[in-house]
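Down below is the structure, laid out as structure tokens.
The values are calculated or read from the model by the stated rules, or taken from the named source; none is laboratory data. What you are looking at is a predicted structure, and each value in this text was computed from that prediction instead of being measured. So basically every Cβ, Gly included, is an ideal-geometry build from the backbone, and we count neighbours across all protein chains shown.
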Amino acid sequence: MEDITMRKIFQYIMLAVVTIVMASCTSDIEETTATTGKSNVQLVVGEFPAFGDSQTRAIGTLDPGKTSWAEGDELLLEMTSKTFGTKYAAFTYNGSSWELASGELSYKEDEVPTFPHVYYAPNYKWESGKLTLKEGKVAGTDEYIEGTAEITSNGQGITVKFAGATRNYSRLRIATMPNKPITVAFNNRYTPAGSSVSAIFPRYTLTSDEKGNAYLYGTFGQDCDFEVKYEGAPLASHTFYQAAENAKSYVLDATVISANSAEEIKSAIEQEIADGKTAIRLNLASDAGANEFNAIREAFENVKEYSTIDLTLIGCKEIPADGLNNQSGGLEALKSITLPDVTKIGKNALRFCVDLEEICAPNVSAIDEYAFQRCDYLKKVTLGELTDVKGDYEHGGGIFGLNPSIKNIDLYLPKNQEVMEFDENQYIWKPTGEKYFASPDYDDGIFLDYQFNSVKSWE
């Protein structure tokens, strides 16, 4: 009988436990048995390189990250055989074992193949022998770890290890509100994990998890700086004056105080003021009303003289009539106010906030008369696409009143804003259908009959 060398295809993978803790990790090696669909193979379970937060104080809800393999996880292997050449395969974890998902690994029974590359890179897939981004995935939003692999001594399996894995990037944990979309905009170069090319002024859209954490993985070089926003509202910014260290995790405080009752709101703001905070970010109920805004005004009475506060109110949909009216005083410290979720600003809402310099309400569509009257030091106002504006400047009832300082304001409107026409019968400004930024009023810096220093598009 002719001696024929039997060909054998081995399909298997190791289970690596991710022990991401703030302290040291165990390096003990364990063994387990898993079924691949072809045969039973022994998988070596070794140490997974751990991230550890660099900060000494807790920020947001601490999350060590991935600590074990989960159903759907995928590992990418490249194998070179003298007989069959280079092969590529992806293995997926089904919750109890690893199965070949795509590709193949083939070698002769009597040879020892090599494994040039082994990756845990959830954003990537094999394509024509190269790692390419999966559809809808963005580089830098997940891990990109390279491990090692070798044939077991009996030739019946492959041992995959991540204990000495290469992690040539850092992790940034952004602690913010749970389950919210945020943007991270870099002001210079940034290299995402898995890429050798720096991106120039990249912008990421992330969604925080149920713990309020969002992550970026990449190289944060010296002087790398960026800003985190929610619906245009600044939450935090940071500059790495020294390059971040590889395989370390950093935490950025973009947390927001959540409060519902008037008592909670007042207490939270007072505590922020007592802690010396000058930027207060408050997450309110969507239907926050007069009682809640009274609590804000009362809390501001404890601000030290000559101090200034930048206030961000997230969640609430409306600033009610007289909500932050400062006619009786107390809000002199209010320097700027950002209202990312507000769609309506009521009558007299910010009236007599004489020291207010900036208003940002990018989603507001309805504003009632006198909303910003006697805001004498306003320099910048950002509004949404307006469709319902009450009050007439000519008769002193416009949203800015008869404020002569209007000429000092830079007004920012969305690019889709339409020309507004005043209906004397209803005492309201309504859109005409004509694009404002293509109109003569835009050329003259006029909007709602007010003459501004400038009118610009914020999109």
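Below is a table of values for the structure above.
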{"quantity": "Every residue from the range 266-315 that is over 23 Å from CYS360 (Cα atoms) and of a type outside the set (Asp, Glu)", "calculated": "SER267, GLN271, ALA274, GLY276, ASN302, LYS304"}
{"quantity": "Residue check for GLU263: more than 27 Å from PRO404 (Cβ to Cβ), charged (D, E, K, R) and buried (at least 18 other Cβ atoms within 10 Å of the Cβ)", "calculated": "no"}
{"quantity": "All positions within the range 382-395 that are surrounded by fewer than 22 Cβ atoms within 10 Å (Cβ to Cβ) and of a type in the set (Val, Ile, Thr)", "calculated": "THR382, THR387"}
{"quantity": "Residue among SER286, SER267 that alone is under 29 Å from TYR370 (Cβ atoms), of a type in the set (Gly, Ala, Ser) and outside any strand (DSSP E or B)", "calculated": "SER286"}
{"quantity": "Elements of type strands (runs of 3 or more DSSP E) contained in the range 74-190, each with 2 or more residues being surrounded by 17 or more Cβ atoms within 10 Å (Cβ to Cβ), of a type outside the set (Val, Ile, Thr) and touching a residue at least 60 places away in the same chain (Cβ under 8 Å)", "calculated": "74-81, 85-93, 98-103, 106-108, 145-151, 158-166, 170-175"}
{"quantity": "Any hit, the range 404-427, residues being in the same structural domain as THR312 (by TED's automatic domain parsing), free of Cβ contacts under 8 Å to residues at least 12 places away in the same chain, closer than 25 Å to GLY323 by Cα and of a type outside the set (Phe, Trp, Tyr)", "calculated": "yes"}
{"quantity": "Residue within the range 416-424 that is of a type in the set (Asp, Glu), more than 16 Å from ILE359 (Cα to Cα), assigned to a helix (DSSP H, G or I) and touching a Phe, Trp or Tyr at 6+ places or on another chain (Cβ under 9 Å) present", "calculated": "no"}
{"quantity": "Residue that is modelled with the lowest pLDDT, among those in the range 199-240 that are assigned to a loop (DSSP other than H, G, I, E, B) and among the acidic types (Asp, Glu)", "calculated": "GLU231"}
{"quantity": "Identity of the residue in the range 428-454, free of Cβ contacts under 8 Å to residues at least 40 places away in the same chain and in a strand (DSSP E or B), that ends up nearest to the chain's Cα centre (by Cα)", "calculated": "LYS435"}
{"quantity": "Residue check for GLU210: exposed (fewer than 15 other Cβ atoms within 10 Å of the Cβ), charged (D, E, K, R) and over 22 Å from LEU133 (Cβ atoms)", "calculated": "yes"}
{"quantity": "Unmet criterion (only one of (1) small (Gly, Ala, Ser); (2) more than 20 Å from PRO178 (Cα to Cα); (3) surrounded by 15 or more Cβ atoms within 10 Å (Cβ to Cβ)) for GLY276", "calculated": "(3)"}
{"quantity": "When residues of the range 232-246 are limited to those that are crowded, with 17+ Cβ neighbours inside 10 Å and touching a residue at least 40 places away in the same chain (Cβ under 8 Å), the one farthest from CYS360 (Cα to Cα)", "calculated": "ALA244"}
{"quantity": "Residue in the range 179-194 that is within 10 Å of the chain's Cα centre (by Cα), under 16 Å from TYR144 (Cβ atoms), aliphatic (A, V, I, L, M) and outside the structural domain of THR61 (by TED's automatic domain parsing) present", "calculated": "no"}
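A quick yes/no check of all residues on (1) at pLDDT 95 or above; (2) within 23 Å of TYR230 (Cβ to Cβ); (3) assigned by TED's automatic domain parsing to the domain that holds PHE422:
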position: ASN325; (1), (2), (3): yes, no, yes
position: GLY330; (1), (2), (3): no, no, yes
position: ARG351; (1), (2), (3): yes, no, yes
position: ARG374; (1), (2), (3): no, no, yes
position: LEU383; (1), (2), (3): yes, yes, yes
position: ASP392; (1), (2), (3): no, no, yes
